[in-house]
Amino acid sequence: MINVLIADDHQMFIDGLKALLKDLPGINVVGQACNGKEAVLHCKDNPVDIVIMDVNMPEMDGVEATKELSRTNKNLKILGLSMHRDRHFISDMLKSGASGYILKNTGKKDLLNAIQTLYSGDSYVSEEVSKILLNSFLKDSAKYEVNERLSGRESEVLECIAIGLTTLEIGDKLFISKNTVETHRKNLLYKLKAKNTAELVNNAYKRGLIS
């Protein structure tokens, strides 16, 4: 029997999910929580195999609760369940320690599959979530793709820009002219697909080009 805890701040949804799980073989709903804090406390004192965790909840959201539970209970599996289709919500849950993520429009069959898959020790994301992650990855790859590798001098200029040096200061530091600095700056903006200096530095950090 798989012991399941439902954590969601909408009682109507909890009731509906409990009714759905009641008819599924091998599933035992052992409790409910209306926020992440309650979920963490429940798991400390009760045997729970899987927590079906909503992302947005008061007091402690699903991401923070997942981090805490992953830290304190290595055997517990977290299944993110949310209406949010944004990649950031999905990746935040998975990075925090969730073993799976499905959407609230998921059918009974997929829900059972997700629970059984997590219980067996594997990870699970629904087909729709997989498409969201893939599409987001492709968009990000296109957005942040460097058209050409940065030259050594461009990397030096980028480091100087990141620490806030002016064009004149960069020129003095690297022993190059103001016009040369500006040329490198324009090339960097183009290669990192940035509209201004702030966006340039931000994109460079995201790509790990500067630390």
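Return yes when Asp9 is charged (D, E, K, R), under 20 Å from Thr106 (Cα atoms) and open to solvent by 50 Å² or more (accessible area, probe 1.4 Å) and no when it is not.
Details: charged (D, E, K, R): yes; under 20 Å from Thr106 (Cα atoms): yes; open to solvent by 50 Å² or more (accessible area, probe 1.4 Å): yes.
It is true that Asp9 is charged (D, E, K, R), under 20 Å from Thr106 (Cα atoms) and open to solvent by 50 Å² or more (accessible area, probe 1.4 Å).
Pairs meeting the criteria (first residue in the range 29-53 and β-branched (Val, Ile, Thr), second residue assigned to a loop (DSSP other than H, G, I, E, B) and buried (at least 21 other Cβ atoms within 10 Å of the Cβ), beta carbons under 8 Å, at least 6 apart or on different chains) are Val30/Val48; Ile52/Asp8. Close Cβ contacts (under 6 Å, 6 or more residues apart or on different chains) running from residues in the range 9-21 that are within 11 Å of Gln32 (Cα to Cα) to residues that are among the charged types (D, E, K, R) and surrounded by 15 or more Cβ atoms within 10 Å (Cβ to Cβ) comprise Ile14/Asp8. The set of residues in the range 149-183 that are closer than 18 Å to Tyr205 by Cβ and outside any loop (DSSP other than H, G, I, E, B) comprises Glu154, Ser155, Glu156, Val157, Leu158, Glu159, Cys160, Ile161, Ala162. Screening the candidates Ser96, Ser82, Ser91 for the property of being touching an Asp or Glu at 6+ places or on another chain (Cβ under 7 Å), modelled with pLDDT under 95 and among the hydroxyl-bearing types (Ser, Thr, Tyr) yields one hit, Ser82. As for the range 15-28, it holds at least one residue that is part of a strand (DSSP E or B) and touching a helix residue (DSSP H, G or I) at 6+ places or on another chain (Cβ under 6 Å).
The values are calculated or read from the model by the stated rules, or taken from the named source; none is laboratory data. Only a predicted model underlies this, so the values are computations on that prediction, with no experimental measurement involved. Neighbour counts are summed over all protein chains in view; Cβ atoms, including those assigned to glycine, are modelled from backbone coordinates with ideal geometry. Surface areas here come from the heavy atoms of the whole protein model, side chains and all, with no ligands, DNA or RNA. Shrake-Rupley method; radii C 1.70, N 1.55, O 1.52, S 1.80 Å.
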